[in-house]
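Data first, discussion second: the structure below is written as structure tokens.
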Amino acid sequence: MSTQLCADADEAVAGVQDGSTVLIGGFGMAGMPVALIDALLRQGAGNLTVVSNNAGNGDTGLAALLAAGRVRKVICSFPRQADSWVFDELYRAGKVELEVVPQGSLAERIRAAGAGIGAFFCPTAVGTLLSEGKETRVIDGRTYVLEYPIKGDVALISAQRADRMGNLVYRKTARNFGPVMATAATTVIAQVREIVETGEIDPETVVTPSIYVDRVVQEGDAV
Amino acid sequence: MSTQLCADADEAVAGVQDGSTVLIGGFGMAGMPVALIDALLRQGAGNLTVVSNNAGNGDTGLAALLAAGRVRKVICSFPRQADSWVFDELYRAGKVELEVVPQGSLAERIRAAGAGIGAFFCPTAVGTLLSEGKETRVIDGRTYVLEYPIKGDVALISAQRADRMGNLVYRKTARNFGPVMATAATTVIAQVREIVETGEIDPETVVTPSIYVDRVVQEGDAV
Amino acid sequence: MNPATRSSHTDAPLGKHDIAALVARHIPDGAFVNLGIGQPTLVADHLPPGSGVVLHTENGMLNMGPAATGSDIDPDLTNAGKVPVTELPGAAYFHHADSFAMMRGGHLDICVLGAYQVSARGDLANWHTGAPDAIPAVGGAMDLAIGAKQVFVVMTLFTKDGAPKLVKECGYPLTGLGCVDRVYTDLAVFDISSQGVSVTHTFGITFDDLAARLDMPLLDATKP
Amino acid sequence: MNPATRSSHTDAPLGKHDIAALVARHIPDGAFVNLGIGQPTLVADHLPPGSGVVLHTENGMLNMGPAATGSDIDPDLTNAGKVPVTELPGAAYFHHADSFAMMRGGHLDICVLGAYQVSARGDLANWHTGAPDAIPAVGGAMDLAIGAKQVFVVMTLFTKDGAPKLVKECGYPLTGLGCVDRVYTDLAVFDISSQGVSVTHTFGITFDDLAARLDMPLLDATKP
């Protein structure tokens, strides 16, 4: 259904339910939908499962959401960073669950959710702690681990530009998880630096077609 | 390794071995690498398995390859068309094998080969003739069929433009199977309408990065 | 669908353009829709301007426009039936794996397909006549059948020989299991759900006459 | 690698820049390469101009340029270590699923990684110290380990405490099984294949002294 253009980030994140699984784009700060995360903090939904590459940096954005006790579980590839003190403390205190997923398997599991794939045999993590308890199979002489889709109730992503229909283009490596997360959540919310008229984005260059995007909000130079 | 710019289509298809699996792009005539198929006919490789959406139209291109007896097996989604008389006759005479694959499963199986996925559970074709004998599994209440990758020895594709490094962009719905086939073959050969200097394609708009492309040949307005 | 639409009926069977027009009226504004090859294509001609309905073609495009004519014909721009088409503002192109991921992942609101047969459980048969000498060719039919949120079928209710095409069990090879939500025919419209088969519209036939000609229990939903 | 390169040795251990330079010399012209975070990044500084080596960064880019400085710093353009980088002509951007499909699908020629330990069978341990209070964080390490056609490891051969890091069996949690093809260290270079572990270069140590300090059979490939 048609993409909704929102007046501000608060309108964009309205209605997120307690207990939701929230996919959050970005790799470090590149592509991080900071304005939407801040709005989600104000919105108040709690008991969230957050799926993102990292587990928050510094004291803002995802780190602030964690600090406010809104996050029950984090699914990510790389929680521990120089500036991930908020997550580190909560994790050591047993106040947040953690599922570590190899970065490529994380991206592919999100893609699988968006692409209607029930599960897939993946060669990553075979023979490691991160495949313990998972089904394995030898196919054509190579061992694979069965991985399942990760689907979101909500995705918060950041893009460079939207047209009024909701087609998105990204900028440089800020693209990262945005396009796959946009395919894998019931409600996809994008903050963009610019909204242009429909027809102003070359159809050959659209990265996320409007079908995937539910709400768009312009948020200055948000990154 | 670096992409080779070829002087003509004959140079581009040199070395294709008897018994190869050849992925051929195109959907009908849009995106069909006609010059490369014609060159493959001259090149002479036989006993081929051809993977393509269709099984040839009229008397040229793939149909000519079939008529010359070079094709042992066709894997495709839609062999029967108004102008597929060459294939029809060979098939009815038992002179060519056929594996019919739903179009989306065909695309996803080719993608899986390119993406290092060992197999995937797909909801398409469950309970139909096309899943007979295939492993099924119920995941989260839905039934899926296990599908395996389709990998090529060679891919013949058509694109709009290459830079000298081998980055490719396509045009409109002629894009179709080209980008996935480019990921899934040992040797990827692209015919393009235009070759430009490296740096002249906007990095945001590259559809097939040069890493996937082994040989490029400019072939006029080949489609 | 509003109650007035649900209870509509006419005194005469619908022609294929009338069926297409009815389907078009039942597609919500702003829906993302795939129209199968053949009769379903006609639905596009009846979508009102400004409906915001976005057409998907599985060969890699969203916001497909009408068929191309004259100098607009571009061999690089066709629909799934390989007919030259046009592009509307806001269009997007993508490759085949992305296009079918979009479909398989349940992102299309509605897909409209033709059929040889539909069963009372919503099984669809539309790809193979089962004739022993037929060359099987499925294209995107199986992906479309299981991918869209709702699958609408358009077909005549009976074959030229008078055999019903809405049947207890499909005799033709199946395209998909339990995937059809609604069947639009010249004589009636049927909803298929876990409750069974409901007749929502009749055209030139009474519910009782319809029930007598079909070998399955029917629920009468023609009255508001 | 030509025989002269294979048999090279020096009278002193290599520093980390020397190791990086040696790895760079062993990367064929035109190769597609991913350099892991940390010490492997140094390899980029030693790739000769005109080598045509294309660097991949798993956060979605091919043909990455050197680190950005001053006004070239762009928060939208970083490498996998989140360091601002630049773009070279012929670059391409893609999303994370495409980037790791490229890696997992075996399209990268070489990946250079750091390591805590490598086993005689080529098992790699580089993501987790196994410390009970460590917060596990894998990033793209496991994908890189199993994805590239060849995996080169760069590390010191011994820990500060003198324990070998090339070992019979890894004690640290594994990143990947049997995935390492070559190990570049300050004291020697090792090839790992189904034939076993071969020493191809020594630096400031004799083959025999090396063999005495490592708990595994070693093949001497230092002589041409």
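We did not get these values from a lab; they are worked out from the coordinates using the rules stated. Worth saying up front: this structure is predicted, and the values here are computed from it rather than measured. Cβ coordinates were reconstructed from backbone atoms using ideal geometry, including for glycine residues, and neighbour counts include every protein chain displayed.
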What helix-only [θ] at 222 nm does the protein assembly as shown give? Using -39500 (n - 2.57) per DSSP H run of at least 4, over all residues, to the nearest 500, the answer is -5000 deg cm²/dmol
Inter-copy distances for D:Ala163, label 7 Å out on the Cα-Cβ vector, sorted ascending, nm, one decimal, are 7.6
Checked region D:158-208 against the a/c 1.5 cut and the a/b vs b/c comparison, axes a ≥ b ≥ c from its Cα gyration tensor; verdict oblate
Excluding residues fewer than 8 positions from C:Lys165 in its own chain, the lysines with Cα under 21 Å of it are C:Lys16
For chain C, percent of DSSP beta bridges that are antiparallel (nearest 5) comes out at 50 percent
Per DSSP, the loop-located trypsin sites (Lys or Arg not before Pro) within region D:133-221 having at most 11 other beta carbons within 10 Å are D:Lys160
If C:His26, C:His46 are placed from fewest to most neighbouring beta carbons inside 10 Å, the sequence is C:His46, C:His26
In debye to the nearest 20, the charge dipole size for region B:4-154, taken about the Cα centre with +1 at each Lys and Arg Cβ and -1 at each Asp and Glu Cβ, equals 380 debye
In debye to the nearest 20, the charge dipole size for region A:68-223, taken about the Cα centre with +1 at each Lys and Arg Cβ and -1 at each Asp and Glu Cβ, equals 400 debye
With a ≥ b ≥ c from the Cα gyration tensor eigenvalues, square-rooted, and the rule rounded for a/c under 1.5, otherwise prolate when a/b > b/c and oblate otherwise, region C:106-160 is oblate
Longest principal axis of chain B (C-alpha) makes with the long axis of helix B:103-115 (C-alpha) an angle, in degrees to the nearest 10, of 60 degrees
Once normalised by the length of chain C, the mean sequence separation of its alpha carbon contacts under 8 Å that are 6 or more apart gives a contact order in percent of 22 percent
Whole-Å distance linking the alpha carbon centroid of region A:167-223 with that of region B:154-180 is 24 Å
So for chain C, using the alpha carbon gyration tensor with a ≥ b ≥ c as root eigenvalues (a/c under 1.5 gives rounded; past that, a/b versus b/c decides prolate or oblate), I'd call it prolate
The farthest towards the positive end of the charge dipole of chain B, of the residues B:Cys76, B:Ala159, B:Val145, given +1 on Cβ of Lys and Arg and -1 on Cβ of Asp and Glu, is B:Val145
Protection proxy (average C-beta count within 10 Å per residue), highest first, orders D:97-105, C:82-90, B:174-182 as B:174-182, D:97-105, C:82-90
XL table B:Lys73/D:Lys149; A:Lys95/A:Lys151; A:Lys73/C:Lys149; A:Lys134/B:Lys151; D:Lys82/D:Lys149; A:Lys73/D:Lys168; Cα-Cα > 28 Å flagged, in table order, is B:Lys73/D:Lys149; A:Lys73/C:Lys149; A:Lys73/D:Lys168
If one compares the long axis through the Cα atoms of helix D:16-26 with the longest principal axis of the Cα atoms of chain D, the angle in degrees, nearest 10, works out at 80 degrees
Taking every residue of A:163-172, the Cβ atoms of other protein chains inside 10 Å of its Cβ average out to 5
The simple spin-label model distance between A:Ala14 and C:Arg25, using points 7 Å out along Cα→Cβ, in nm, is 3.3 nm
Relative contact order as a percentage, region A:82-170, C-alpha pairs under 8 Å and 6+ apart, gives 23 percent
Here the whole-number average of other chain Cβ atoms within 10 Å per Cβ of C:72-85 is 5
Distance in nm between C:Gln195 and B:Thr143 label points, each 7 Å along Cα→Cβ, equals 2.6 nm
If R0 = 41 Å, then C:Ala163 and A:Thr186, at their Cβ-Cβ distance, give a FRET efficiency to the nearest 0.05 of 0.45
Measuring from its Cα centre, the protein assembly as shown shows a charge dipole (+1 at each Lys and Arg Cβ, -1 at each Asp and Glu Cβ) which, in debye to the nearest 20, is 1500 debye
Taking every residue of A:145-152, the Cβ atoms of other protein chains inside 10 Å of its Cβ average out to 2
